[in-house]
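Working notes, structure below.
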Amino acid sequence: MALEKNDRVGYRDGREGRHHGRVEEVRDPGPHAVYRIRNELTNEIQVITQEQIVQGAGETDM
């Protein structure tokens, strides 16, 4: 799954639940990519790895 700038993603960052944000930067594209994500709710910047990306970014967790 290749992500690009401004793609909406769901991710897990160690806190409870799934979070959503938009890709601001892609570092080291490929299977070990690192992304700078801006969280949609808190506006904070998170640096996450490819392994933290969750499929189905448009869905919400209950």
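No lab work stands behind these numbers, since they all come straight from the coordinates. Note that this is a predicted model, so its numbers are computed, not measured. So basically every Cβ, Gly included, is an ideal-geometry build from the backbone, and we count neighbours across all protein chains shown.
Worth a mention:
- GNM top mover of 16, 40, 51 - the chain, alpha-carbon springs below 10 Å: 16
- Overall form of the chain per C-alpha gyration tensor (a/c, 1.5; a/b vs b/c): prolate
- Relative to the current alpha-carbon distance between residue 22 and residue 54, full extension at 0.36 nm per residue lengthens the span by 10.2 nm.
- Label-to-label distance, nm, for residues given as residue 43 and residue 13 (7 Å Cα→Cβ offset): 1.5
- Take the chain and mark each of the trypsin sites (Lys or Arg not before Pro) that is in a DSSP loop with at most 13 other Cβ atoms within 10 Å; the longest unmarked stretch, sites excluded, is 16-62.
- Positive minus negative residues near residue 24 (Lys, Arg vs Asp, Glu; Cβ under 9 Å): +3
- Under 5 Å from the amide H of residue 18 lie the amide H atoms of 61, each residue being 5 or more positions distant or on a separate chain, with H modelled from the backbone and absent for Pro and chain starts.
- Around residue 4: net Lys/Arg minus Asp/Glu count, Cβ-Cβ under 12 Å: 0
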